[in-house]
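The values are calculated or read from the model by the stated rules, or taken from the named source; none is laboratory data. Because the structure is a prediction, the values reported are computed rather than measured. For neighbour counting, all protein chains shown are included, and Cβ atoms are generated from backbone atoms with ideal geometry for every residue, glycine included. Accessible surface is based on the protein model in full, side chains and every heavy atom, while ligands, DNA and RNA are left aside. Shrake-Rupley method; radii C 1.70, N 1.55, O 1.52, S 1.80 Å.
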Amino acid sequence: MVRFYGTASGKVDDKGRIVLPAAFRDAMVRGGSENMTLIVKMNVQQRCIDLFPAEEWERRSEKVLETIDPELNAGDAMFWTKYNDGVSTLVPDGKLGRLSIPSELLASAGITKEVVFGGVGYKLQIWNPETRKASLLSEEEFKQTALRLSERK
């Protein structure tokens, strides 16, 4: 099982390719998936791109699908269509681990030249650096959320 942690910076080349940072390529190797298939899509809640190992994407998609009925419910069908909109399959090329991110996704995330990768365990997020900085919780918000979550037990 592949798990991604930490952050790393990168650049987008003229062809829309981004080199997967070595720490995240190493995580793929440790997870037994050096040449793995990845799924890339817009994040549902934030202005960034999500990058999932294909098996993780399938697992999470099945979990979502278990809660809806797109075959019989029109609202569920529209949600499922939007949820899968822009989903692309990628395989990092060679030893460099370059990823050809679709230009529509880069534009939707406001990414032009610089990116920040953020590992959140089960997936990577790819951000415009300024958007990520503005989206992070403040220290006080983080503490308040941690306190609220600890009270759920």
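Annotations
- Across the chain, the convex hull enclosing all Cα atoms gives 140 Å³ per residue.
- Charging the Cβ of each Asp and Glu at -1 and of each Lys and Arg at +1, and nothing else, the dipole of the chain about its Cα centre rounds to 520 debye.
- Given K15/K133; K63/K133; K82/K123; K11/K63, the pairs whose alpha carbons are separated by over 28 Å: K63/K133; K11/K63
- The stretch between S135 and L65, if pulled fully straight at 0.36 nm per residue, gains 22.4 nm over its current Cα-Cα span.
- Nearest-10 value in Å² for the accessible area of I101, using the 1.4 Å probe: 10
- The local environment of G119, defined by Cβ-Cβ distances under 15 Å, has a net charge of +2 under the rule Lys, Arg +1 and Asp, Glu -1.
- Computed over the chain with a Gaussian network model linking Cα atoms closer than 10 Å, the most mobile of E66, E114, E141 is E141.
- Overall, the ratio between the Cα radius of gyration of the stretch 99-153 and 2.2 N^0.38 Å, rounded to two decimals, is 1.47.
- Of the trypsin sites (Lys or Arg not before Pro) found in the stretch 74-106, those that fall in a DSSP loop while having at most 15 other beta-carbon atoms within 10 Å are K95.
- Förster radius 25 Å - calculated FRET efficiency between S103 and R47 (Cβ-Cβ, nearest 0.05): 0.95
- Taking one quarter of the surface of the convex hull spanned by the alpha-carbon atoms of the stretch 38-113 gives a direction-averaged projected area of 5.8 nm².
- Of D13, D26, D69, the residue with the greatest mean-square motion in the GNM of the chain, using alpha carbon springs below 10 Å, is D69.
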